[in-house]
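The values are calculated or read from the model by the stated rules, or taken from the named source; none is laboratory data. Computed from a predicted structure; not experimentally measured. Here the Cβ positions follow ideal geometry from the backbone for every residue, glycine too, while neighbour counts run over all protein chains shown. Please note that ligands, DNA and RNA were not included when accessible areas were found on the heavy atoms of the full protein model with its side chains. Shrake-Rupley method; radii C 1.70, N 1.55, O 1.52, S 1.80 Å.
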Amino acid sequence: MTTGRVIAVTGGTHDEFREYVIARGPALLRAARRVTGNPNDAEDLLQAALAKTYLAWERIEDRAALDGYVRRAMVNINISWWRRRRLEEYPSGEVPEPVVAGVQRQLPERVEQALDGLPARMRAAIVLRYYEDMTELEIAKALGVSVGTVKSTVSRGMAKLRCALEVQERRLEPRS
């Protein structure tokens, strides 16, 4: 999450900043790891916080409070990063059933087998709808049937697939 900017630290008060980073860098990196929980993110976070600190270096009068300033910057930056990240998991009202590892790995093959067991037009309608992402109208034109026929064919086909997959899953479950 670096910005790609390079800040040269040479001469004058810059030497003071460089000495601070050399002296306190390892401790600040440990704090960044505690904040992020990830070593790679911690390095990015510390770099961003130090860049902010460098830009404000002349305005910071209390040099004894530098660690607190950098830590506060890390927390604020990390919160900003959280807000920017897209939510990839959404809460649900229901807890899903646990999946048996062996059963989950075989799912694509099981779906293919279940599809092979369907009549040709039903299989074609389902493949066009869910694999090719065609609309019901497009499927109707492609198969030469009405939209209502496509809807009912896909619905019946999906019911047959669910049933076939449940039967296959029962056969794969370990018996006690």
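Tabulated results
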| read-out | value |
| --- | --- |
| Projected label distance in nm at Arg34 and Asp116, using a 7 Å step from Cα toward the beta-carbon | 5.8 |
| Residues of the range 45-59 with amide N under 20 Å of a point placed 7 Å along Cα→Cβ from Glu19 | 50-51, 53-59 |
| Distance (nanometres) between label positions extended 7 Å along Cα→Cβ at Val167 and Glu97 | 1.7 |
| Per residue accessible area of the range 110-174, 1.4 Å probe, in Å² | 64 |
| Gyration tensor (alpha-carbon) shape descriptor, the range 38-90, a/c threshold 1.5 | prolate |
| Residues of type lysines that Lys160 reaches as a straight line, Cα spacing below 18 Å, ignoring anything fewer than 8 places off in the same chain | Lys151 |
| Full-stretch length increase - Asp133, Glu61 - with 0.36 nm per residue and alpha-carbon distance subtracted | 19.7 nm |
| Percent accessible area from carbon and sulfur atoms, the range 113-176, protein chains only, probe 1.4 Å | 51 |
| Set of aspartates and glutamates near Lys141 by C-alpha distance (under 15 Å), chain-local residues within fewer than 8 positions excluded | Glu132, Asp133 |
